[in-house]
Amino acid sequence: MSREKHTLVAKTMAGLEPVLKKELEAIGAEEPEIINRAVIFKGDNEVLYKANYWPYTALRILKIIDEFDAKDENDLYNKIKRIKWYKLMDLDGTLAIDTFLHNSTMTHSRFVSQKVKDAIVDQFRDMFERRPSVDTENPELRINVHINKNHCTISLDSSGDSLHKRGYNLNNSLKNL
């Protein structure tokens, strides 16, 4: 298992950040810091997996892969295209992009998502003369784009569905009582 440290973000509901911080500390998260509706922390793959399983208050766990400033959609496109996406997904894989904008000159999240998708598939097309597909329902790679004051954080969603959907089977849990 890789011991490389990643910068991770655990998203939660407003007001639950201190609880989530304690839950993350209990599983070995390093340097946890409360931010708006989330806790940013460091951890290796083991901590990443545990963060997707143990905390009750986490909604999703994001792994930050790049950060940069982008003055407009074309600048964003060029900086997204420089990321080595072929190392993160297969040519036959599927992707989806979730975009969140705050205090940005870019004001339309769907347009930003489209530009990000274009940069990724254009990179594949340039290299392999084929491109991956988009699947908004069940993608193999879900990319999170967060832009605040034109500062872009690009993350991979390690959780799939929101963690609140993990479920709890009451019938199976009672068998061991």
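Test of understanding: what is the full-extension gain from THR107 to LEU91, defined as 0.36 nm times their sequence separation minus their Cα-Cα distance? Walk me through the numbers on the way to the answer.
Working: separation 16, 0.36 × 16 = 5.76 nm, distance 3.04 nm.
Once the chain is fully extended between THR107 and LEU91, it gains 2.7 nm.
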For this session: Kindly work out what percent of the DSSP beta bridges joining two residues of the chain are antiparallel, to the nearest 5.
Result: 75
For this session: Considering only SER104, SER155, SER113, give the residue with the highest GNM mean-square fluctuation for the chain, with springs between Cα atoms whenever their separation is below 10 Å.
Result: SER104
Problem set entry | Computed [θ] at 222 nm, deg cm²/dmol, the chain (DSSP H ≥ 4; -39,500 (n - 2.57); rounded to nearest 500) | -9000 deg cm²/dmol
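Quick one: net charge of ASP122's neighbours, Cβ under 11 Å, K/R +1, D/E -1? Can you show the working numbers first?
Working: positive: LYS81, LYS115, LYS117, ARG125, ARG131; negative: ASP118, ASP126.
Computed value for this residue: +3.
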Seminar exercise, completed: Given a 1.4 Å probe, the accessible area of the chain per residue, as a whole number of Å², is 60
Exercise. Helix hunt in the chain: which complete DSSP H runs extend at least 24 Å axially by C-alpha with mean Kyte-Doolittle at least -1.0?
Worked result: 109-128
Seminar exercise, completed: Simple spin-label estimate for ASP122/LYS84, 7 Å along Cα→Cβ, in nm, reads 2.2
Exercise. What does the charge add up to near VAL112, with Lys and Arg as +1, Asp and Glu as -1, over the other residues with Cβ less than 11 Å from its Cβ?
Worked result: -1
Exercise. For the chain, what % of the accessible area comes from carbon and sulfur atoms, probe 1.4 Å?
Worked result: 48
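The values are calculated or read from the model by the stated rules, or taken from the named source; none is laboratory data. Small disclaimer: the values here were computed from a predicted structure and weren't measured. Cβ sites come from the backbone with ideal geometry, for glycine too, and all protein chains shown count toward neighbours. When the accessible area is computed, the model is the full protein with side chains, heavy atoms only, and any ligands, DNA or RNA have been set aside. Shrake-Rupley method; radii C 1.70, N 1.55, O 1.52, S 1.80 Å.
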